[in-house]
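Input: a single structure, listed below in structure tokens.
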Amino acid sequence: MNIVAEAINSRLCADLPDEIARTLDAMFPNRDANIALHEPQFNNRAETIVLECLRSTYVSSVGEYVRQFETELAAACGVKHAIAMVNGTAALEVALNVVGVEPDSEVLLPSLTFVATANAVSHLGAVPHFVDVEDQSLGIDSDALVRHLQKIGRQTVEGFFNKETGRRISAIVPVHVFGHPAAMDDLNAIANTFGLPVIEDAAEALGSQYKQKHCGSLGHAAAFSFNGNKILTTGGGGAVVTNDGKIADLARHLSSTAKLVHPWEFEHDSVGYNYRMPNLNAALGISQLMDLPTRIASKRTLAAAYECAFSGQDGLTVLKEPSHAISNYWLNAIILDSAAVGCRDAVLEELHKIGFMARPIWKPMHQQLIYADAPRAKLPVTENLAGRIINLPSSPQLKDLLK
Ligand SMILES: *Cc1c(COP(=O)(O)O)cnc(C)c1O
């Protein structure tokens, strides 16, 4: 950093943390405890349906609640098939497996994501190949992706190959970061050009829409997560969703030990997984799905309140849903100005001091030791943004604490 930039930085960092803290404090004047980043919420139906499930003794997979949860989930996000899984990482792994991601192939995904996206690829013996994002949605930058693929790729009759590593490129995984839909039309067009299947990592984006279509319905298949911190929870859980009947059948088959249907024989036609969601978790999920529309409405009200509270604040912008999208605003985020890049930890410290459990965006995957050797594109936007993004408390119930 040069001397002028450093001076601006230290002046900003002297004031900004305190200004942000005062803004949040004024938004929630009646709070009486620490405010978590994202807390689960349970309605009256939750206890009764979980108890019903217990008393039925059908607590494991696969039972009636799993089937009901899958039907209602598919309807909620406008797809034909949903297959409930033990968690979102497992759902991603199964979806990638089903569309043909084989060991030693490469899967394109953003470096700016939660580690689970890359881990699902690695669990298949495949290799994550990191690409850059754009600053509107924080999703994959389609222009940069095309340039990169034209530079490193070679199309053959056997598929599209990375000529620098010799490996086949077997899929692309757009991530809808914080619930904001990635630019799916452009990404689907690129995938089509290069013959790649598209698996959406929609773990954070249940209920978000892109051009009036639900996240999860925009590629060949998608994965959701129902972990405790997501917009809906089943304790732990996830799902593969798709409009393709063949993908759905294979995902269901593979995730339940690849057992052939027979009244008593144990015959398995591949090395399958035990990844199906237990009935007990699905029961909780049914009670959660009832609340999805009101929860999204609350989160959008909260997002609007953050935007309003920080309008006119120097040194940062509030991340807004991209045009053509209606976001579930799973996590709200502020982006510090480039000049304020050095202030991030001071802001986090100040917010924690007054009881707001804010946190930074993930450390990018290519900067993690476990993925330091993975192939990657140039990542200027990822590297620029990673140190500047802070997530603010985003539980839907915070709506009722607003001033
Ligand atoms: C939560 C999350 C996952 C993984 O889901 P789990 O249910 O925790 O396994 C994957 N990708 C993203 C972007 C997530 O936020």
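The values are calculated or read from the model by the stated rules, or taken from the named source; none is laboratory data. It should be emphasised that the depicted structure is a prediction, and the values quoted were computed from it without experimental measurement. All Cβ positions, even for glycine, are placed from backbone atoms using ideal geometry, and neighbour counts span all protein chains on display.
For region 318-365, how many residues are within 20 Å of the chain's Cα centre (by Cα), among the charged types (D, E, K, R) and either surrounded by fewer than 20 Cβ atoms within 10 Å (Cβ to Cβ) or assigned by TED's automatic domain parsing to the domain that holds residue 176 (or both)?
3
Residues to consider are 108, 73; find the one that is more than 13 Å from the ligand (Cβ to nearest atom), touching a residue at least 40 places away in the same chain (Cβ under 8 Å), under 18 Å from the mean Cα position of the chain (by Cα) and in a helix (DSSP H, G or I). First the steps, then the outcome.
Values: 108 fails: in a helix (DSSP H, G or I).
After applying the criteria, what remains is 73.
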Next on the checklist: Report every pair of residues separated by at least 6 positions or lying on different chains whose Cβ atoms are under 6 Å apart, first residue within region 241-261 and more than 10 Å from residue 275 (Cβ to Cβ), second of a type in the set (D, E, K, R) and in a helix (DSSP H, G or I).
Outcome noted: none
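Check region 221-231 and report whether any residue there is away from the ligand (no atom under 16 Å from the Cβ), buried (at least 23 other Cβ atoms within 10 Å of the Cβ), touching a residue at least 24 places away in the same chain (Cβ under 8 Å) and more than 11 Å from the chain's Cα centre (by Cα).
Within region 221-231, none of the residues are away from the ligand (no atom under 16 Å from the Cβ), buried (at least 23 other Cβ atoms within 10 Å of the Cβ), touching a residue at least 24 places away in the same chain (Cβ under 8 Å) and more than 11 Å from the chain's Cα centre (by Cα).
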Next on the checklist: If a residue must be farther than 22 Å from residue 175 by Cβ, modelled with pLDDT of 95 or more and not aliphatic (A, V, I, L, M), how many such residues does region 338-392 contain?
Outcome noted: 7
Next on the checklist: Can you pull out every residue in region 124-151 that is free of Cβ contacts under 8 Å to residues at least 40 places away in the same chain and surrounded by 15 or more Cβ atoms within 10 Å (Cβ to Cβ)?
Outcome noted: 124
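Taking residue 87 as the residue in question, decide whether it is over 16 Å from the mean Cα position of the chain (by Cα), assigned by TED's automatic domain parsing to the domain that holds residue 201 and within 16 Å of the ligand (Cβ to nearest atom).
Criteria not met by residue 87.
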